[in-house]
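Remarks on the structure that follows.
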Amino acid sequence: MSRFLIALVTLVTLSGCVSLNSVSLTQVPNDRENLISSTAHDWLFLGFTSQNDFVDEAVNGLKDQCKGGKLTGILTKHQTTAYVLVFKREIIASGYCSKA
């Protein structure tokens with residue numbers, strides 16, 4: 001019985017529930033050859049936070065991949081994965097880079 005309880009507690013602790021919080025999309029260009037993407041995440045304990053700086057990491061990742069070009073068709077997703085007491089917030093950004 002104790003092995004079953006340990007296995008059950010382990011399973012519940014390691015499993016997570018993902019929720020999609022928001023999605024945004026700008027106008028998609030005709031030229032869709034150079035798709036780039038960037039992600040950033042942040043860990044929270046009990047869901048409390050005082051900063052959202054990790055979002056800038058995803059934006060800067062896109063900008064770094066498209067230096068001297070124009071970003072269009074940007075898709076951003078904000079999702080949260082909830083574990084027992086810990087939450088992972090994640091930004092996934094992608095877009096098309098056209099060189100000027």
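The values are calculated or read from the model by the stated rules, or taken from the named source; none is laboratory data. Just so it is clear, the structure is predicted and the values come from calculations on it, not from any experiment. Counting neighbours? That spans all protein chains shown, and the Cβs are built from the backbone with ideal geometry, glycine included.
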Within the range 29-67, work out how many residues are among the hydrophobic types (A, V, I, L, M, F, W, C), surrounded by 13 or more Cβ atoms within 10 Å (Cβ to Cβ) and more than 17 Å from the chain's Cα centre (by Cα).
1
State all residues of the range 72-100 that are among the aliphatic types (A, V, I, L, M) and modelled with pLDDT of 90 or more; if no residue qualifies, say none.
74, 75, 91, 92, 93
Outside any loop (DSSP other than H, G, I, E, B) and in contact with a Lys or Arg (Cβ under 7 Å, 6 or more places away or on another chain): is that true of residue 23 in this structure?
yes
Could you grab the pairs with beta carbons closer than 9 Å, sequence gap of 6+ or different chains, first residue in the range 41-58 and under 15 Å from residue 93 (Cβ atoms), second one at pLDDT below 90 and outside any strand (DSSP E or B)?
41/54; 42/49; 42/51; 42/52; 42/53; 42/54; 42/55
Members of the range 79-100 that are among the charged types (D, E, K, R) and loosely packed, with under 15 Cβ neighbours inside 10 Å:
99
